[in-house]
Structure formats: C-alpha cells, structure tokens
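The values are calculated or read from the model by the stated rules, or taken from the named source; none is laboratory data. Keep in mind it's a predicted model, so treat the numbers as computed, not measured. Because the Cβ atoms are built from the backbone with ideal geometry, glycine has one as well, and the counts that use them run over all protein chains shown.
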Amino acid sequence: MPPIEPIARTFDLRAGSDSFTRRSGEGYRRLMIDHVHDLDAVREATDRLLSAVAKLDNAAIAGPSRLPGWTRGHVLAHLSRNADALVNVLEGRPMYPSAEAREADIERDAPRPLEAQLDDLRESSAGFFRAAAVPADWGRTITMRNGVTDVAARVPFRRLIEVELHHVDLGIGYELEDLPADFTAREIAFLADRFVGSPGVPALRLNATDGGTWRTGGADGEPTTVTGPAPALLGWLAGRRDGTGLHTGGAPLPVLPAL
C-alpha cells in the first residue's frame, strides 16, 4: 500500500494554509463563519453519505476508490478517524498522536466489512457533534495537524470538506456536480486562499461560468484567467480532476502543487 501522504488531497493531511488567518483580522474571521450553519450542513452531508454507503455490499467496500492506493474501506476509515481527530482539536488535544499512528489506524480499519464501517462512521460522527455542542468560545484559536492554527468556528467547515469530497472519492454516483452550490463556492475560495503566494503558482483569476470570481497564486504580472463551471474549478483545485473543461484563452493551465 502506498504511503497515505502523497495519495490524497484531503484537508487534514496538511491541515490547510494559515494565509487566510494571517491576512484577516480576528473580528472579520468571527463574523464570516457561521459554525451553527456549518454543523447543520455536516449533519445533512453525513446522512447523505451514510444512506449512500448503506446501499453497498462488502465487495464494494473492498473495491478501489478514486484515490490511488485506497479502497473504499480506506476512505471510510479515514472519515471515521478524522471525526475523532477533530474532537481532539476541539478539546485542545493534538489532532493525531503522530503521522505514523494516523496511517496505522486507517490501515487497521480499512478491511472491515460494511456494517462495521457504517457503525464506526455513525458513532464517530455522533462524537464529533457532541463535542461541537459543548458551550465554547468559537472565536478561540485551535491547532490543526502540523501546527497550523485556525479559528475554532472553521472546524465544522473543515469536517464538511472531508465528508463531501470523500463521498465523491468513493466513486458510487455522487459527483462534484452534485455538491451543494454554496459549498462548492466556499471550497473554491478556501482552496484559492491556500494557493495564494504558493511557489510556482502564477497569478490566477478563477471565473466560474455559473457565478463567482476568485484570485489566487502569485501577485506579480497579469493574472491568467481560468474559466469553467464551478465543479470543474473545484475538481482542478482539489486534485480530483485534470482541468478538462477549463479554459485559459490559450495559456497553459498551471500545474498546481499537491496540498
């Protein structure tokens, strides 16, 4: 099995850029994130995921996902352990004991049959919601993996990213085009922010034909405009698609670094 780090652009792997945090004032960060709304969205996305997975069988769970080297069991195990890890974050503990322990837990849990995967995902998700229901200062600073800091109010959205994109990664009929439009726009903005100032990424203007414009990449020079449907932009930014369906006016489509 290949190492977990290179094979999936998921958002607890490298925890996320702190560039938004550096550029934004504390009051702005608090005003712009509605953690209650995001928790409701996580519940809906989790129910949608559980309903879809419940229609599978053990053979399908053991089959390949869209993430190289991972079965669908790996994806589901990762989602369960990510819920536990975000409880740790909310309660002030390290997200994972170590990178090695994180990988070992996923490998241990990946081969389980369907019912065990479903039970674990239900229980770990419930644990996340219990932790999020404890009265707390949602404007406080929390620490993600690799020492990256963020505001606590963004933790529910980080969980939403995991649930929604990994549902797509399962390859069971849920596509980027099926994602809620507001999630897609926010995730494009989140990823665009992560690539601001990223070495090797030129100045870019992202134009969604179905609405929305974002800037990312370097600050120098005239930006290359990348235009296409929002799901195609998201797929390219998140490493889920190769950029097919995006247009640059003849300029080469930049190769983005792994997240």
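Pairs meeting the criteria (first residue in the range 227-242 and buried (at least 23 other Cβ atoms within 10 Å of the Cβ), second residue in a helix (DSSP H, G or I) and among the polar types (S, T, N, Q), beta carbons under 8 Å, at least 6 apart or on different chains) are 234/184.
The set of residues in the range 20-48 being at pLDDT below 95 and of a type outside the set (Gly, Ala, Ser) consists of 20, 21, 22, 23, 26, 28, 29, 30, 31, 32, 33. A single member of 79, 13, 67 is in a helix (DSSP H, G or I) and either surrounded by 14 or more Cβ atoms within 10 Å (Cβ to Cβ) or at pLDDT below 95 (or both), and it is 79. Of all residues assigned to the range 115-125, at least one qualifies as being in the same structural domain as residue 164 (by TED's automatic domain parsing), surrounded by 15 or more Cβ atoms within 10 Å (Cβ to Cβ) and touching a Gly at 6+ places or on another chain (Cβ under 9 Å). Scanning the range 165-183 for any residue that is on the phi < 0 side of the Ramachandran plot, surrounded by fewer than 18 Cβ atoms within 10 Å (Cβ to Cβ) and assigned to a strand (DSSP E or B) turns up nothing. For the range 84-107, state whether one or more residues are small (Gly, Ala, Ser), buried (at least 23 other Cβ atoms within 10 Å of the Cβ) and touching a residue at least 12 places away in the same chain (Cβ under 8 Å). Looking for residues that are small (Gly, Ala, Ser), buried (at least 23 other Cβ atoms within 10 Å of the Cβ) and touching a residue at least 12 places away in the same chain (Cβ under 8 Å), one finds at least one in the range 84-107, hence yes.
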